Amino acid sequence: MRRKRRTHSPEFKAKVALAACQGELTMAELVKKYDVHANQVTDWKRQLLDGAADVFGKGAQKSEAADETIEQLHAKIGRLTMENDFSYGSFCQSVQAYISQRTAISKSNRNPPIFNRDFS
């Protein structure tokens, strides 16, 4: 009977890969301890070693660039929010003016002026 496919969290993969890098346990012991296949341990170890340089190199620079980008986006969000609030305020004022104008017109139509005619 086949075992159901499992997905492992990044934390678990890092833990297994670090244990493999430390070399305190043999591959067979790692496989038995963490209940994973030896090929997975080897792949995760290779990925850890390949990506280790990014932690101190490009990865750190990307993080700084991402922080600058986030600050720029927050500033843009603030500016657009203010523009939106201003536009919405102008829109509301226009609607209120239109409503008051229509109300004044309808009131004047309800009470037509009485003509001074002499019916004698």
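Just so you know, all these numbers are worked out from the coordinates, no wet-lab data involved. Being a predicted model, the structure only gives us computed values, none of them experimental. Ideal geometry is used to build each Cβ from the backbone, glycine not excepted, and the neighbour counts take in all protein chains shown.
Starting from the Cα coordinates of the stretch 8-52, work out the convex hull volume and express it per residue in Å³.
61
Within the P(r) computed for the stretch 1-78, what percentage of the Cα pairs occupies the region above 13 Å?
Pairs farther apart than 13 Å: 73 percent.
Restricting to Cα pairs below 8 Å that are 6+ residues apart, what does the relative contact order work out to for the stretch 8-52? Please round to a whole percent.
43
What shape does the stretch 61-107 have by the C-alpha gyration tensor, where a ≥ b ≥ c are the square roots of the eigenvalues, rounded means a/c under 1.5, and otherwise prolate means a/b greater than b/c and oblate the rest?
Prolate, because a/c is 1.5 or more and a/b exceeds b/c.
Can you tell me the order of 22-31, 43-52 when each peptide is scored by its average per-residue count of other Cβ atoms within 10 angstrom, highest first?
In descending order of packing, they fall as 43-52, 22-31.
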